[in-house]
Amino acid sequence: MKLSTLGVLAPLVVVAACVGTVGDGGGSTGQGIPGDPGGPGVGGPTAAVTGPLTRIARLTHKQYDNTVADLLRYTPDTPPSLSFLADSSFAGYDNNADGLTASDVLVQQYQQSAEALAAGAVTKSLAKLVTCTPAGDGSACAKEFIQKFGRRAFRRPLEDAETAAYLAGFTKAAASYAGTNAFDNGVQFVIESMLQSPYFLYRAELGQTKAADGAIPLSDYEVASRTSYLLWNTMPDDSLAAAADAGQMHTFDQVRAQALRLLADPRARETIADFHSQWLQLSRYATNYLTKNPATYPGFSADTGATLQLEATQFVSSVVFDDKGGFSALMTAPYTFVNSDTAKIYGVQGTFTKDLQKVQLNPAQRAGYLTQVGFLASHAYADGDSPIHRGVFIQRQLLCNQIPPPPPGVNPTIPPPSATLKTTRDRVAAHTAGAPCNGCHTSIINPGGFAFEHYDGIGAWRDQDNGAPVDAAATIRMDGADVSFTDAVDFAHKLAASTQARRCFVTNWMRYAYAHQEATADTPVIDAFTTKLADPAYDVQSFILDLTQTRSFLFRPGDGS
């Protein structure tokens, strides 16, 4: 069913296209606005409110897929977004509002998806969506359907004018196709058109009523959406929607109660996995990063990447949900999940199948995520390991240090082994010792990478490299001081205890949770969370829960007028 053939609700479709290209959640980052009261223990009574001044954030493709499945009450055979232009990453995350634009091509893809999804809904889930029985001209039932479906699609009640417009469209669609079920045609049209509305495709926070300090409190519906998309990456469920309808989603206690419920649901594991996948760059586990020379690493297949990605995901889920661990556990837990292929790389003895199985590792050789095969193999070359790639990851992802790209004309090729330069460490150190490379490499990039010299290009343990003893000791600048370590396990434990690393973890989570890059006014909140994470009893779940307890979660900045 083509909307253009009906000629109704055209303003809604036009708005979708226009908002898609210019209303993508951009706008300047808000200046910090003193507020009352601050979230419990995360900013105090003068906590600032940051974020876009006017927030219109497009759904990510993952959010779109989850939302249409929940909204239409059926799961398409393939995720609709597989045919979309890929989401771009901004400040490290694909849900950052500043990066979520919608080109003309994507708008056309939304239209095609809406047509297919609406037809599928009429075929597969009509009885779940239309709970009334049409009588007479069917207008009463049509209106009831429009209001109920629209409440869920827009994540707020429809305004009277919206209901009237959709009812007019329903009526015209029902009469436009002779010889078919008129009522079903109307339903299909409403679904198709609502799926193209900016109020479905975007999470709009457009209130203008200001608190005494100038900050704008979000409506109960807006807070419900923030909570649901943070913890489930989808629309509010019926319980959360009911809380918003009852005006019970605007205090810290109300939000906390709902967030606790959502965190206890298995769907929260998927969202936690999504954050860690982007933070830890698990996309590098794709084939192009895991292609190894079969002569150097016989038996290692690029197809192993899917297993390694699942290993990392199960590890994170186990630490966060099963062990109720904190940041320290992510860095130091001496276990992982292996199958018959990866157990060999880890040197784990036992009988394994293709299914992943939790195993304890040698704590003298392995500690947390950074000693997992996936990280080590994806930050390595086809013929060997790469202290440079591993060291850059440490600086950027775990310490939040900015590293400039190599200067033009620099030869990136590490020299081959020689009688005097046998180990990878020796060769890298010699290659980067002179200007201009030494400025970044000698004290910043190389030390963190040298920590992993006990692991070859596929992450297997070694005591010797090219016949020479491995040296994995180094000194790195961290927390404003020189920190020395003996190997990767020692380094992982020192990262776990590092204020800078904890702060970087907090900063990345805030970028993901609040869908915008941090502002100066966020500093007190980042400081507070960093301090809390120093307590081993303060687990990741508690931290995520507390992200809903900041003033920036319940308010957005005013425009200063």
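A few remarks follow.
- Considering residues of the range 283-303 that are of a type outside the set (A, V, I, L, M, F, W, C), open to solvent by less than 80 Å² (accessible area, probe 1.4 Å) and within 18 Å of Ser340 (Cα to Cα) only, the residue nearest to the chain's Cα centre (by Cα): Ser301
- In the range 339-362 there is no residue matching the filter, namely being touching a residue at least 40 places away in the same chain (Cβ under 8 Å), among the β-branched types (Val, Ile, Thr), within 21 Å of Thr475 (Cβ to Cβ) and outside any loop (DSSP other than H, G, I, E, B).
- Tally, over the range 350-392, of residues that are open to solvent by less than 40 Å² (accessible area, probe 1.4 Å) and of a type in the set (D, E, K, R): 3
- Filtered residues of the range 510-537 (kept if buried (at least 19 other Cβ atoms within 10 Å of the Cβ) and more than 15 Å from Thr50 (Cα to Cα)): Ala528, Phe529, Thr530, Leu533
- Criterion applied to Thr101, Thr50, Thr67 was being closer than 23 Å to Phe170 by Cβ, at pLDDT 50 or above and within 24 Å of the chain's Cα centre (by Cα), and the one residue passing it is Thr67.
- Filtered by the rule that a residue be within 35 Å of the chain's Cα centre (by Cα) and either among the acidic types (Asp, Glu) or part of a helix (DSSP H, G or I) (or both), the range 410-432 gives Thr424, Arg425, Val428.
- Whichever residue in the range 538-550 is surrounded by 18 or more Cβ atoms within 10 Å (Cβ to Cβ) and touching a Leu at 6+ places or on another chain (Cβ under 9 Å) and, among such residues, is farthest from Trp279 (Cα to Cα): Thr548
- A Cβ distance below 9 Å, combined with a sequence gap of six or more or placement on separate chains, defines the contacts here; from the range 475-487, residues that are over 16 Å from Thr499 (Cα atoms) reach residues that are among the charged types (D, E, K, R) in the pairs Thr475/Asp482; Phe485/Lys494; Asp487/Glu453.
- When the range 67-78 is filtered for residues that are touching a residue at least 12 places away in the same chain (Cβ under 8 Å), open to solvent by 40 Å² or more (accessible area, probe 1.4 Å) and either among the polar types (S, T, N, Q) or closer than 30 Å to Thr507 by Cβ (or both), nothing remains.
- Residues of the range 57-76 satisfying the condition of being in a helix (DSSP H, G or I) and among the β-branched types (Val, Ile, Thr): Thr67, Val68
- Residues within the range 255-282 that are open to solvent by less than 50 Å² (accessible area, probe 1.4 Å) and over 25 Å from Phe90 (Cα atoms), tallied: 6
- Test: Gly459 is surrounded by 16 or more Cβ atoms within 10 Å (Cβ to Cβ), in a helix (DSSP H, G or I) and touching a helix residue (DSSP H, G or I) at 6+ places or on another chain (Cβ under 6 Å): no
- Put simply, of Ala472, Ala501, Ala492, Ala435 the only residue that is in a loop (DSSP other than H, G, I, E, B) and at pLDDT 95 or above is Ala472.
- From the options Phe450, Phe553, residue that is of a type in the set (Phe, Trp, Tyr), in contact with a Lys or Arg (Cβ under 7 Å, 6 or more places away or on another chain) and open to solvent by 10 Å² or more (accessible area, probe 1.4 Å): Phe450
- So Asp98, is it touching a His at 6+ places or on another chain (Cβ under 8 Å) and not aliphatic (A, V, I, L, M): yes
Matching residues to (1) surrounded by fewer than 22 Cβ atoms within 10 Å (Cβ to Cβ); (2) under 27 Å from the mean Cα position of the chain (by Cα); (3) at pLDDT 95 or above; (4) closer than 23 Å to Thr101 by Cβ:
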residue: Gln208; (1), (2), (3), (4): yes, no, no, no
residue: Gly214; (1), (2), (3), (4): yes, no, no, no
residue: Ser219; (1), (2), (3), (4): yes, yes, yes, no
residue: Ala224; (1), (2), (3), (4): no, yes, yes, no
residue: Tyr229; (1), (2), (3), (4): no, yes, yes, yes
residue: Met235; (1), (2), (3), (4): no, yes, yes, yes
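- Taking residues in the range 287-310 that are assigned to a helix (DSSP H, G or I), and partners anywhere that are β-branched (Val, Ile, Thr), the pairs with Cβ atoms closer than 8 Å and at least 6 places apart or on different chains are Thr304/Thr342; Gly305/Thr287; Thr307/Thr342; Leu308/Thr342; Leu308/Val373.
- Count of the range 393-409 residues which are assigned to a loop (DSSP other than H, G, I, E, B) and open to solvent by 60 Å² or more (accessible area, probe 1.4 Å): 6
- Complete set of residues in the range 328-338 that are surrounded by 18 or more Cβ atoms within 10 Å (Cβ to Cβ) and outside any loop (DSSP other than H, G, I, E, B): Ser328, Ala329, Leu330, Met331, Thr332, Thr336, Phe337, Val338
The values are calculated or read from the model by the stated rules, or taken from the named source; none is laboratory data. On a predicted model such as this, the values are computed, not experimentally measured, just so you know. With ideal geometry, Cβ positions are generated from the backbone for all residues, glycine too; neighbour counts draw on all protein chains shown. Heads up: the accessible areas ignore ligands, DNA and RNA and are worked out on the full protein's heavy atoms, side chains in. Shrake-Rupley method; radii C 1.70, N 1.55, O 1.52, S 1.80 Å.
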